[in-house]
Amino acid sequence: MEDDGQIMTVEYQDGDVSVSSTDPLRGTIDLVGDNDEIIQLLLDRHSAEWLMSALGEFLDQGEGGDALKTKTVQ
């Protein structure tokens, strides 16, 4: 895919993470773009941690039925 400077909307459709290396940790997640095009999101430890942080911040914004559900540990 060429970078033509346009923003593409992609969707995660509950696929598995494919691990290509464990030391250093590297892998991919498949996302589905326009016209069912598969886009691979490349991951390493740093980018995976950043993505988890960003998703956590996103979930914190939910309200009502979409509010973050936390488990109470006793």
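Would you pick out the residues in the range 1-22 that are open to solvent by 100 Å² or more (accessible area, probe 1.4 Å), modelled with pLDDT of 90 or more and in a loop (DSSP other than H, G, I, E, B)? Hit for the range 1-22 is Thr9, nothing else.
Please enumerate the residues belonging to the range 23-74 that are open to solvent by 60 Å² or more (accessible area, probe 1.4 Å), closer than 24 Å to Gln6 by Cβ and either in contact (Cβ under 8 Å) with a residue 40 or more places away in the chain or outside any helix (DSSP H, G or I) (or both). Listed by number, the residues that qualify are Asp30, Glu37, Ile38, Gln40, Leu41, Leu42.
The values are calculated or read from the model by the stated rules, or taken from the named source; none is laboratory data. This is a predicted model, so every value here is computed, not measured. When we count neighbours, we look across all protein chains shown, and the Cβ atoms used for this are built from the backbone with ideal geometry, even at glycine. With ligands, DNA and RNA removed, areas are computed over all heavy atoms of the protein, side chains included. Shrake-Rupley method; radii C 1.70, N 1.55, O 1.52, S 1.80 Å.
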